[in-house]
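The values are calculated or read from the model by the stated rules, or taken from the named source; none is laboratory data. Computed from a predicted structure; not experimentally measured. FYI the Cβ positions are ideal-geometry reconstructions off the backbone, even for glycines, and counts take in every protein chain you see.
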Amino acid sequence: MRQDWSLLKETKTLLKQYRFRPKKKLGQHFLIDPSAIEEILRAANLKKEDIVIEIGTGLGLLTKELAKRVKKVIGFEVDERLCSISQRVLAGFPNVEIKREDILKVSPDHFHSLGNFKVIGNLPYYITTPIIFSLLSWSKNLVLAFLTVQKEVAERLVSPPGRKEYGVLSIGTQFYSQVEKLADFKKETFFPTPEVDSSLIRIKMREKPPVLVKDEKNFFNLVKISFSQRRKQLVNVLAKGLNFKKEIISNKLSSIGIDPKRRAETLSLQEFANLSKLL
């Protein structure tokens, strides 16, 4: 990490000025490495006409850099005091709107009138997965998302079949989007220092899923059941989870070229799609 005492000093000054103590349990860790901020800005390839939704404005220091480059920034901050602090820090930027709202409770309809937009955010570790799944259900106007997440979560998001990281999160994200890990950030990139490293990921929404399924709800229900006991053979997991006889499941798996003894983590999106049609 390239130390930047001015950015760290500004962060500490704001925390002291407003007598704010970051809450670890809420994932309140602030970026203090300018190279990480530069990495995010470069990856987002921001234009003057862009509209950006920021998840978690924190102290508003990244928000300030976004505001210098785009048409409008709409920030969501659930913490009342952080919301107040960032509103004061960003008072000189008329193109910034900070909302004290939980992003998980915001209706997708809220964004329909914005046109195309990008999402940028340093996600709290404890609600990363719900936020990502929420984003995937948003308006089709969401073009790209650039998110800083726990490194372990990033590995799960981008994992192909056959790896221990591959699971429900991998399939759900890859079904609706193309996801790529762009960079790793050491834990010292943040203040206070978290316990784990982070990664910057890019999510690009797909126009349509890469596989055809008749019923998405049934498809994902099948995926969840399949991974409910990921170390067991697929035939045993599905027989129990779907309340079918083992012989029936075995025959159905074999009929579409899936060895009943395989485990869920070895199946591709296409194989899960084929299985969901059959069952």
Quiz item: Among the residues of region 161-183, is there at least one that is buried (at least 18 other Cβ atoms within 10 Å of the Cβ), closer than 21 Å to Thr57 by Cβ and either β-branched (Val, Ile, Thr) or within 13 Å of the chain's Cα centre (by Cα) (or both)?
Solution: no
Quiz item: Considering only region 10-27, how many residues are modelled with pLDDT of 95 or more, out of contact with any strand residue (DSSP E or B) (no Cβ under 8 Å at 6 or more places or on another chain) and in a loop (DSSP other than H, G, I, E, B)?
Solution: 4
Quiz item: Somewhere in region 9-29, is a residue in the same structural domain as Thr128 (by TED's automatic domain parsing), buried (at least 22 other Cβ atoms within 10 Å of the Cβ) and β-branched (Val, Ile, Thr)?
Solution: no
Exercise. Return the only residue of Arg42, Arg21 being more than 25 Å from the chain's Cα centre (by Cα) and without any contact (Cβ under 8 Å) to a residue 24 or more places away in the chain.
Key: Arg21
Practice problem: Just name the residue that is surrounded by the fewest Cβ atoms within 10 Å (Cβ to Cβ) out of those in region 102-113 that are within 18 Å of the chain's Cα centre (by Cα) and among the charged types (D, E, K, R). | Solution: Lys105
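Matching residues to (1) in a loop (DSSP other than H, G, I, E, B); (2) of a type in the set (Phe, Trp, Tyr); (3) closer than 23 Å to Ser134 by Cα; (4) not assigned by TED's automatic domain parsing to the domain that holds Leu135:
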{"site": "Ser35", "(1), (2), (3), (4)": "no, no, no, no"}
{"site": "Ile53", "(1), (2), (3), (4)": "no, no, yes, no"}
{"site": "Thr57", "(1), (2), (3), (4)": "yes, no, yes, no"}
{"site": "Val73", "(1), (2), (3), (4)": "no, no, yes, no"}
{"site": "Val78", "(1), (2), (3), (4)": "yes, no, yes, no"}
{"site": "Arg81", "(1), (2), (3), (4)": "no, no, no, no"}
Exercise. Can you tell me which residue within region 78-94, out of those that are touching a strand residue (DSSP E or B) at 6+ places or on another chain (Cβ under 7 Å) and of a type in the set (A, V, I, L, M, F, W, C), is nearest to Lys16 (Cα to Cα)?
Key: Cys83
Practice problem: Determine which member of the set Phe191, Phe219 is within 30 Å of Asp33 (Cα to Cα), in contact with a Ser or Thr (Cβ under 6 Å, 6 or more places away or on another chain) and of a type in the set (Phe, Trp, Tyr). | Solution: Phe191
Quiz prompt | Selection count where residues are basic (Lys, Arg) and surrounded by 15 or more Cβ atoms within 10 Å (Cβ to Cβ), scope region 258-268 | solution = 1
Quiz item: Do you know which of the residues in region 111-164 that are of a type in the set (D, E, K, R) and in contact (Cβ under 8 Å) with a residue 60 or more places away in the chain is nearest to Lys47 (Cα to Cα)?
Solution: Lys118
Quiz item: What do you reckon, is Ser199 in the same structural domain as Leu15 (by TED's automatic domain parsing), closer than 21 Å to Ile132 by Cα and either crowded, with 18+ Cβ neighbours inside 10 Å or within 23 Å of the chain's Cα centre (by Cα) (or both)?
Solution: yes
Quiz prompt | Single condition Ser137 does not satisfy, out of (1) on the phi < 0 side of the Ramachandran plot; (2) touching an Asp or Glu at 6+ places or on another chain (Cβ under 8 Å) | solution = (2)
Quiz item: Among Ser250, Ser255, which is the only one that is more than 19 Å from the chain's Cα centre (by Cα), loosely packed, with under 15 Cβ neighbours inside 10 Å and more than 18 Å from Thr173 (Cα to Cα)?
Solution: Ser255
Quiz item: Within region 241-272, can you find the residues that are closer than 18 Å to Ser159 by Cα and assigned to a helix (DSSP H, G or I)?
Solution: Ala264, Glu265, Thr266, Leu269, Gln270, Glu271, Phe272
Exercise. Test Thr63 against the criterion of being part of a loop (DSSP other than H, G, I, E, B) and in contact with a helix residue (DSSP H, G or I) (Cβ under 8 Å, 6 or more places away or on another chain), and give yes or no.
Key: no
Quiz prompt | Residue check for Glu188: assigned to a helix (DSSP H, G or I), surrounded by fewer than 19 Cβ atoms within 10 Å (Cβ to Cβ), touching a residue at least 12 places away in the same chain (Cβ under 8 Å) and within 13 Å of the chain's Cα centre (by Cα) | solution = no
